[in-house]
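The values are calculated or read from the model by the stated rules, or taken from the named source; none is laboratory data. Computed from a predicted model, the values in this text were never measured in an experiment. We place every Cβ from the backbone using ideal geometry, glycine too, and count neighbours over all the protein chains shown.
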Amino acid sequence: DAGVIQSPRHEVTEMGQEVTLRCKPISGHNSLFWYRQTMMRGLELLIYFNNNVPIDDSGMPEDRFSAKMPNASFSTLKIQPSEPRDSAVYFCASSPSGRSYNSPLHFGNGTRLTVT
Amino acid sequence: DQQVKQNSPSLSVQEGRISILNCDYTNSMFDYFLWYKKYPAEGPTFLISISSIKDKNEDGRFTVFLNKSAKHLSLHIVPSQPGDSAVYFCAASRYGNQFYFGTGTSLTVIP
């Protein structure tokens, strides 16, 4: 299994630009999560999907952030317009089921975003 | 508001000794707890978990203890090895949804 695949690994952009992060979950996993890692807050849950449907987006910091999951094998996290304080590592994770015990998350290697 | 807290940002331990990493949580409804290990430039990898119906789970050198009354869990690594040097995150969830993570503890095992 290829694991959770995220692209790009690194993204450097200027303030005000649109940024799109991509994620391919593990095949067969029906829950997908977007996290942001910062020094102050650690791994912060932004949004999660179950069977392609957004279940909880209360962690999305502002309206500038949006996420979609058009099908079971692809999700995007978009920031528009981007700001320097959005600089962080963004992780995507997937899980076999949203309502099952003993189903750990499997993480991708993250996208390091730098907004100048 | 942090529902899962790791109050020690860093820990140094001599090789061969025990490493104890601690984690506290605030939501009594959490029923599934996990520890993840993270190396630089990689995503967190699952290490060990425990459900709320247990108070201990062991996997090789790694043991997780859960104290529900104190809302506290800990990870014991014994014996510690240099390859264990990484950042360790604890996490908690309810029904396998909305996994909440702590801020991490950076473990350094000194050869």
* Which number in (1) modelled with pLDDT of 95 or more; (2) over 16 Å from B:Ser51 (Cα atoms) marks the one condition that B:Thr103 misses? -> (1)
* Asked: What residue, among those in the range B:71-98 that are within 14 Å of chain A (Cβ to nearest Cβ) and without any contact (Cβ under 8 Å) to a residue 40 or more places away in the chain, is nearest to A:Arg36 (Cα to Cα)?
  -> B:Gln98
* Of all residues making up the range B:2-37, the number that are part of a loop (DSSP other than H, G, I, E, B) and hydroxyl-bearing (Ser, Thr, Tyr) -> 3
* To do: Report, ordered by the first and then the second residue, all pairs with beta carbons closer than 9 Å, sequence separation of six or more or different chains, a first member in the range B:44-55 that is free of Cβ contacts under 8 Å to residues at least 24 places away in the same chain and of a type in the set (Ser, Thr, Tyr), and a second member that is part of a loop (DSSP other than H, G, I, E, B) and surrounded by fewer than 18 Cβ atoms within 10 Å (Cβ to Cβ).
  => B:Thr45/B:Tyr39; B:Ser49/A:Asn102; B:Ser51/A:Tyr101; B:Ser51/A:Asn102; B:Ser51/B:Asp31; B:Ser52/B:Asp31; B:Ser52/B:Lys68
* Give the range A:99-116 a look and list any residue that's at pLDDT 95 or above, under 23 Å from B:Tyr36 (Cβ atoms) and either in a loop (DSSP other than H, G, I, E, B) or within 9 Å of chain B (Cβ to nearest Cβ) (or both), or say none. => A:Phe107, A:Gly108, A:Asn109, A:Gly110, A:Arg112
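So that you can scan it fast, the table gives a plain yes or no per residue for (1) assigned to a loop (DSSP other than H, G, I, E, B); (2) in contact with a Pro (Cβ under 7 Å, 6 or more places away or on another chain); (3) modelled with pLDDT of 95 or more:
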| residue | (1), (2), (3) |
| --- | --- |
| A:Gln17 | yes, yes, yes |
| A:Gln37 | no, no, no |
| A:Met69 | no, no, yes |
| A:Ser97 | yes, no, no |
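So that you can scan it fast, the table gives a plain yes or no per residue for (1) within 21 Å of A:Leu46 (Cα to Cα); (2) touching a helix residue (DSSP H, G or I) at 6+ places or on another chain (Cβ under 7 Å); (3) part of a strand (DSSP E or B):
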position: B:Ile53; (1), (2), (3): no, no, no
position: B:Leu73; (1), (2), (3): no, no, yes
position: B:Pro79; (1), (2), (3): no, no, no
position: B:Ser93; (1), (2), (3): yes, no, yes
position: B:Phe99; (1), (2), (3): yes, no, yes
* Out of all the residues in the range A:43-53, is one or more part of a strand (DSSP E or B), touching a Leu at 6+ places or on another chain (Cβ under 8 Å), free of Cβ contacts under 8 Å to residues at least 60 places away in the same chain and more than 14 Å from chain B (Cβ to nearest Cβ)? -> no
* **Whichever residue in the range A:25-77 is of a type in the set (Ser, Thr, Tyr) and surrounded by fewer than 21 Cβ atoms within 10 Å (Cβ to Cβ) and, among such residues, is nearest to A:Pro8 (Cα to Cα)** => A:Thr76
* Structure fact -> A careful count of residues in the range A:22-40 that are within 27 Å of B:Pro9 (Cβ to Cβ) and touching a residue at least 40 places away in the same chain (Cβ under 8 Å) gives 6
